[in-house]
């Protein structure tokens, strides 16, 4: 019995050490760096207020996508194709922030951002 | 009468070597998974004709055996075969580990394993897959409750064990019906496909239990009365005859209709005929029966174990035949015409499994084996001494 | 989603008018900014196999260009939304035929029945689609479809030099198939294969609304003898064949 307990203790300690290592290794090195500025859009008014978009663009795009694909309702002025008319570069607009906050939306695995 | 349950000691180098081997197999599976995940299914042997390959053969075979592993438990709890009462814990536990191994392979072979939880969010109750999601998770829970009741709440064992038995019949019918309900596929569209899977689960589960029991008792130096193995042999004979009966009925019905002459002839002499005759008929029915009915071999533990090994090979062959032959047979889209196209219409599909596929399947086996080895070490799954209960006599021997 | 949509409608309509006139297209009215699939329509196709030439691949070529479907050179894993099938009469009693096979957009599609996530679904206007955002790549639909209409994406495909940016590309691990060029239909157009057949070949493909008794396809279906692939399965396919 005692040998079994000691094994459990050793395993727990090992696990804790491993977790600590991962925690230290994953610590963001760029903490404190200023957040990147996405490129200013070309056109005038976005389809939604900019502040609202900042917080809700992901839900907005997802909702539009579901409505378009599954219900067949297309709102052309709000399609992903339209975004590119003002936000001309995906790299300088979308990716900059996404990279900084480490989110990886897979939209552009399939969708080609219009140029 | 029955001896105490006790965990195996598991301190010998042999035990840890076995654990390491299983862990290694599991790691091979994990490696194969990451390879497929990063390069795509293009590195497997699967193609647009045969879309389910080796991972599915291994996964479904493990799932069929998971249901079958409950045999010993059910025979004792539901059908009052007292000689198997001492193996009920082992039986329920084996079901659980096989289920985990099989489901892991099945889920990790998805084209998008990152989305594996989506079926929970958007359920399509017309899909046999959705049914199977419920059937497998329900079976998992029932087996756990069954096991728990045997440890701590014996008053519930009967009711939970009976529920688990009913569930496993439905479960394996559901597994078979993944294929049986598909009208497009002449090879496996049949009402008897589900019951055939149930029958094969009965043989393969019993066979695997026999192998593991004999192996475990031998390797741990514990005593197991031979009579018990022969009791298992008799059950295996009965189940194997049932499987043969199902196979005959299926072929008889199909061959009665001229509409099936072409596909059935293709099955018997076509590119997958070797698997049908050697694997399905040979390993599932004929070879085990020859050994088990043999006056000398059938009365030795080695003979029974050998027949069991053949039967376990048989379940893989059976599932492989249903899947691979079923998908390889070309669609007869325009009756009366011979078809050809760049998409290989009208031709039997070509399929050679790749190593990563086998790696993934073997990984599933490794995972199940690993969990089994650790389970019998840390929990009191098996009686310290397996003896037939007093007054129980073997009813028949070859 | 409580935001006001109307405020942008006017602007969007004007913009939409500008992008739709691709060269060579029959002049069609620019679509409204907002269009919705109608459950009153049932899109279908009639293929006159007597007009189909074995050497012609106009429909399949057009499909590949329109929908960015690459050929990988691996015939067993190539993606085919539409393919040409050669029919050779077994007893010589019937003339040989060559015809395109594509998704039949069945009324009772087995792919939709078996899909565990409802990624395969029937749109209101009867088009059977795969929601790529939801497909988990289980391939059960490929087991269930009797037309081999579906392909799994086996590896990350190369993007063609000049892709059609209106149609998404693909990621490996999902299943895809013919969409009846749903993006064109929503803009009031025809599937690319049908258009190519009419322009570059003898025009053996006809596309239209089966629910409208006055449509050309409905009228033709009343006049000519036609069949579907495997009518015995009861799936009620909407791609009809004439001349076999």
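The values are calculated or read from the model by the stated rules, or taken from the named source; none is laboratory data. Keep in mind that what you see is a predicted model, and the values were worked out from it rather than measured. Cβ atoms come from the backbone with ideal geometry, glycine included; neighbour counts cover every protein chain shown.
Listed values, structure above:
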item	result
Among the candidates B:270, B:314, residue that is surrounded by 14 or more Cβ atoms within 10 Å (Cβ to Cβ), within 19 Å of residue B:326 (Cα to Cα) and within 19 Å of the chain's Cα centre (by Cα)	B:314
Some residue of region B:329-348 being away from chain C (no Cβ under 14 Å), in a loop (DSSP other than H, G, I, E, B) and out of contact with any helix residue (DSSP H, G or I) (no Cβ under 8 Å at 6 or more places or on another chain)	no
Qualifying residue in region B:296-310 (condition: closer than 30 Å to residue C:57 by Cα, at pLDDT 95 or above and in a helix (DSSP H, G or I))	no
Some residue of region B:106-117 being closer than 17 Å to residue B:135 by Cα and assigned to a loop (DSSP other than H, G, I, E, B)	yes
Region A:44-66 residues that are without any contact (Cβ under 8 Å) to a residue 12 or more places away in the chain, paired with ones that are surrounded by 11 or more Cβ atoms within 10 Å (Cβ to Cβ) (beta carbon under 6 Å, 6 or more apart)	A:53/A:46
Selection count where residues are without any contact (Cβ under 8 Å) to a residue 60 or more places away in the chain, outside any loop (DSSP other than H, G, I, E, B) and surrounded by fewer than 16 Cβ atoms within 10 Å (Cβ to Cβ), scope region C:200-236	7
Residue match in region C:145-156 (condition: at positive phi, buried (at least 22 other Cβ atoms within 10 Å of the Cβ) and in contact with a strand residue (DSSP E or B) (Cβ under 9 Å, 6 or more places away or on another chain))	yes
Scope region C:170-187; condition part of a loop (DSSP other than H, G, I, E, B) and within 14 Å of chain B (Cβ to nearest Cβ); matching residues	C:170, C:171, C:172, C:173, C:174, C:177, C:178
Qualifying residue in region B:364-375 (condition: out of contact with any strand residue (DSSP E or B) (no Cβ under 7 Å at 6 or more places or on another chain) and either under 30 Å from residue C:80 (Cα atoms) or part of a loop (DSSP other than H, G, I, E, B) (or both))	no
Qualifying residue in region C:84-99 (condition: more than 20 Å from the chain's Cα centre (by Cα), farther than 18 Å from residue A:69 by Cα, assigned to a strand (DSSP E or B) and more than 7 Å from every other protein chain (Cβ to nearest Cβ))	yes
Test: residue A:33 is modelled with pLDDT under 80 and over 30 Å from residue C:39 (Cα atoms)	yes
Filter result for the condition that a residue is surrounded by fewer than 22 Cβ atoms within 10 Å (Cβ to Cβ), more than 14 Å from every other protein chain (Cβ to nearest Cβ) and touching a residue at least 40 places away in the same chain (Cβ under 8 Å), over B:382, B:371	B:371
Hits in region A:86-103 (condition: more than 15 Å from residue A:41 (Cβ to Cβ) and exposed (fewer than 14 other Cβ atoms within 10 Å of the Cβ))	A:99, A:101, A:102, A:103
The lone exception for residue C:204 - which of (1) in contact with a helix residue (DSSP H, G or I) (Cβ under 6 Å, 6 or more places away or on another chain); (2) away from chain B (no Cβ under 14 Å); (3) over 24 Å from residue C:62 (Cα atoms) it fails	(3)
Selection count, region C:47-78, where residues are more than 8 Å from chain B (Cβ to nearest Cβ), within 23 Å of residue B:350 (Cα to Cα) and in contact (Cβ under 8 Å) with a residue 40 or more places away in the chain	2
